[in-house]
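For reference, the structure is listed below as structure tokens.
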Amino acid sequence: MNDDIMDFTYTEKKDTRSGFGVGLLEIAKQNDQVVGLCADLTGSLKMNAFKDEFPQRFFQVGIAEANMMGIAAGMATAGKIPYTGTFANFSTGRVYDQIRQSIAYSNKNVKICASHAGITLGEDGATHQILEDIGLMKMLPGMVVINPCDFNQTKAATKAIAAHEGPVYLRFGRPKVPVFTPDNQKFEIGKAIELIHGSDVSIFATGHLVWEAIEAAEQLKTQGIQAEVINIHTIKPIDEAAILKSVAKTQCVVTAEEHMINGGMGETIAGLLARNNPTPIEFVGVQDTFGESGKPHELMEKYGLTAAHIVRAAQKVHSKKTHENANF
């Protein structure tokens, strides 16, 4: 592969929560052990098609998220593959004790599916947004944490996690974002995807910020900086080999995520590098703050989560690397 930017033109935008809805229906048709549970947000989670197709396998528990997690754990004990559905804030922060004690501790085969994650929930504001959920979930022993980048990848991930034995946290969102990954792709848990090959800086991005990273790489190329963009769709288990291989070449890193810097993907990567290859690194993410009400694109700008912010971080870390090499 050469250093040229790949063609990432897209023809449509779709919300990743719709990818979840389509994927859930498809995997349910293939596996009759799949059941769905929802906490009074069937439309928001795009679970209507599943409910209509398999009414005997759908359970509306109402606004009782803790109860939903307990029911899911019981169903998993009985051999079912439960997919729970509610907003990311209510899928994690509100029910952390139930997840820890009833699901993670006993390694129950529950798929915790969380929509409206991050700052792009928008106008609902800080009480419904959550920016610390990845940190909460990756700290639980045995919990797989997945944050796909577009409609197609979310659909593929939703289907793939049914074959994984053990608890999974699947995170997705409400805004419509470019659909640029292949339809009917194979999703491999824990396998990062190199989207753009480069030699000057590694940009590791997850979720909605993968597209922002692609746009940033296009801008950086005009400045003579060849950025390598890697989609870290699985934050736990993270693809250590892919990260270390890229950094061995570029020797500087930017991480980009729609999540708090504290406890996010960037900290995981920083820890990996500290143990194996200490490297200059810049973090694109939300600082130590809650969100607020606003249009998603306005909040992305205010909280520093756009392609322009990734460009500036890449310029800074690349300059730092160049300066260190000159001194050496």
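The overall shape of region 13-178 is rounded: from the C-alpha gyration tensor, with semi-axes ordered a ≥ b ≥ c, the ratio a/c is less than 1.5. Helix 151-160 and the longest principal axis of the Cα set of the chain meet at an angle near 60°. Beta bridges from DSSP with both residues in the chain: antiparallel share about 20 percent, rounded to the nearest 5. Ordering K29, K80 by the number of other Cβ atoms within 10 Å of each residue's own Cβ, fewest first, gives K29, K80.
Within a straight-line Cα-Cα reach of under 29 Å, K80 can be paired with the following lysines, leaving aside sequence neighbours fewer than 8 residues apart in one chain: K29, K46, K51, K108, K111, K138, K155, K159, K186, K191, K236. Counting only Cβ charges, +1 for Lys and Arg and -1 for Asp and Glu, the dipole size of region 213-328 around its Cα centre is about 400 debye. Considering only G166, H116, V179, the residue lying farthest towards the positive end of the dipole of region 98-179 is G166, judged by Cα position with unit charges set on Cβ. The C-alpha atoms of region 92-228 occupy a region whose extents along the principal axes are 52, 35, 26 Å, arranged from largest to smallest. Note on R100 and S319: the model spin-label points, each 7 Å out from Cα along the C-beta direction, lie 4.3 nm apart. Solvent-free Debye calculation, one equal scatterer per alpha-carbon of region 1-97: log10 I(q)/I(0) at 0.11, 0.19, 0.22 Å⁻¹ equals -0.39, -0.88, -1.13. In loop segments of region 1-72 as defined by DSSP, the GluC sites (Glu not before Pro) with at most 10 further C-beta atoms inside 10 Å of their C-beta are E12. The order of S319, S18, going from fewest to most other C-beta atoms within 10 Å of their C-beta, is S319, S18.
Put the Cα centre of region 150-193 next to the Cα centre of region 14-82 and the gap is 16 Å. Only one residue of M69, N152, V284 has its Cα farthest out toward the positive end of the dipole of the chain, where Lys and Arg carry +1 and Asp and Glu -1 on Cβ, and that residue is M69.
Ranking of C252, C38, C113, C149 by neighbouring Cβ atoms within 10 Å, starting from the fewest: C252, C38, C149, C113. A convex hull fitted around the alpha carbon atoms of region 198-281 yields 80 Å³ per residue. Rounded to 0.05, the FRET efficiency of the R312 and N276 pair, given R0 = 41 Å and the Cβ-Cβ distance, is 0.95. If you sort the three axes of the alpha carbon gyration tensor as a ≥ b ≥ c, you get a/c of 1.5 or more for region 195-245 and a/b no higher than b/c, which makes it oblate.
Between Q287 and K186, the C-beta separation translates, for a Förster distance of 30 Å, into a calculated FRET efficiency of about 0.25. Taking only the Cα atoms of the chain, the ratio Rg/Rh comes out at 0.98, with Rh defined as the Kirkwood radius.
Each reported figure results from applying straightforward, stated rules to the coordinates on display, with no laboratory input. Predicted model only: the values in this text are computed from it and were never measured. Methodologically, a virtual Cβ is constructed for each residue, glycine included, from the backbone with ideal geometry; neighbour enumeration extends over all protein chains shown.
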